[in-house]
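One structure is given here, and the rest of the page talks about it.
What follows is calculated from the coordinates using simple rules that are stated; it is not laboratory data. On a predicted model such as this, the values are computed, not experimentally measured, just so you know. In this analysis, Cβ positions are derived from the backbone assuming ideal geometry, glycine residues included, and neighbour counts consider all displayed protein chains.
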Ligand code: NDP
């Protein structure tokens with residue numbers, strides 16, 4: 001993992017769950033990033049307290065307010081990040097923020113469908129648009145050959161539940177229709193980004209973190225999720241370390257396996 005050196009990283013939805021653990025792992029690397037942007041919706045709220053405690057001990061962690069459904073908030077975060085980076089680019093953008101409210105074919109409402117789409121798809125689209133100039137700058141400023149998270153990358157945290165081919169294996173256990181549709185769209189967004197940003201040398205990959213014991217992962221009252229946050233994020237860090245051209249425009253699991261769209 002020592003070769004996996006990311007100069008700067010931004011993680012959305014980093015006040016809890018997988019996002020918070022990603023921040024902790026980047027801090028704990030033997031060669032940590034110079035800047036770690038940890039974004040959350042409400043940095044002053046009680047739900048950001050653990051992140052604030054972490055940031056207070058690590059001057060390379062910068063907390064930025066970012067609401068994924070609010071373009072003004074995203075643009076403001078991008079401006080602040082640009083100022084903090086002082087002329088260097090952003091190496092790695094991790095679109096992690098997401099929601100999964102209960103939703104079946106019978107219960108799904110227009111409001112539910114649109115609001116989940118807004119957070120899980122429009123959010124990553126807008127965040128990527130706002131940070132693209134900084135990602136391009138990182139790619140241009142790097143002397144590394146090929147594609148990697150160390151050079152310049154967009155990682156969209158998706159799920160196997162958005163895989164159309166895999167749906168028969170999981171549908172009856174986790175119907176969550178609005179979430180499935182939104183993550184299928186996020187997978188398409190990842191593919192589109194991979195087509196558009198290939199020429200810029202920016203790696204674009206969707207990652208499936210497994211079924212993880214977070215608030216979002218706790219949807220079944222009687223069954224515990226497969227993975228601890230620790231196990232999932234250990235896998236994600238190892239996978240990100242190894243991502244290259246062959247993972248460009250691909251959905252990859254926390255174990256490093258390519259999953260079908
Ligand atoms: P959590 O519910 O623990 O955390 C979700 C995070 O997203 C929180 O920080 C939350 O902030 C943030 N968030 C939600 N809506 C917005 C928004 N509109 N703007 C900004 N931030 C927002 O979930 P996980 O950590 O489990 O999920 C992280 C990602 O992993 C998601 O994209 C999810 O789809 C994906 N995933 C998770 C799986 C699992 O089993 N847990 C399985 C497959 C994929 P706040 O505290 O303000 O609500």
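Spin-label model, residue 71/residue 246: points 7 Å from Cα along the beta carbon direction are separated by 4.0 nm. For segment 148-229, the relative contact order comes to 36 percent (Cα pairs under 8 Å, sequence separation of at least 6).
Rounded, prolate or oblate: which fits segment 145-261, taking a ≥ b ≥ c as square roots of the Cα gyration tensor eigenvalues, rounded meaning a/c under 1.5, else prolate when a/b beats b/c? Note, shape of segment 145-261 comes out oblate.
Averaging Cα coordinates gives a centre for segment 112-188 and one for segment 195-261; these two points are 10 Å apart. Shape verdict for segment 1-93, please, from the Cα gyration tensor: rounded (a/c under 1.5), prolate (a/b greater than b/c) or oblate. The shape class here is oblate. In the chain, the DSSP-assigned H stretches of four residues or longer account for a calculated mean residue ellipticity at 222 nm of -12000 deg cm²/dmol, using -39500 (n - 2.57) per stretch and the full residue count as denominator.
Straightening the chain between residue 56 and residue 109 buys 14.9 nm, computed as 0.36 nm per residue apart minus the Cα-Cα spacing.
Gain on full extension, evaluated as 0.36 nm per residue between residue 142 and residue 79 minus their Cα-Cα distance, stands at 20.5 nm. Relative contact order, whole percent, for the chain stands at 19, derived from Cα pairs under 8 Å and 6 or more residues apart. Does anyone have the angle between helix 229-242 and the longest principal axis of the chain? Alpha-carbon axes, 0 to 90°, nearest 10? Tilt of helix 229-242: around 50 degrees. Taking R0 as 25 Å, what FRET efficiency do you get between residue 257 and residue 29 from their Cβ-Cβ distance, rounded to the nearest 0.05? Plugging the Cβ-Cβ distance into 1/(1 + (r/R0)^6) gives 0.60.
Overall, the anisotropy analysis places segment 1-158 in the prolate class: the square-rooted eigenvalues a ≥ b ≥ c of its C-alpha gyration tensor yield a/c not less than 1.5, with a/b exceeding b/c. If the chain linking residue 218 and residue 129 were pulled fully straight, counting 0.36 nm for each residue of separation and taking away their Cα-Cα distance, it would gain 28.9 nm.
Sorting the segments 24-36, 99-111, 117-129 by their mean number of nearby beta carbons within 10 angstrom, highest to lowest, gives 117-129, 24-36, 99-111.
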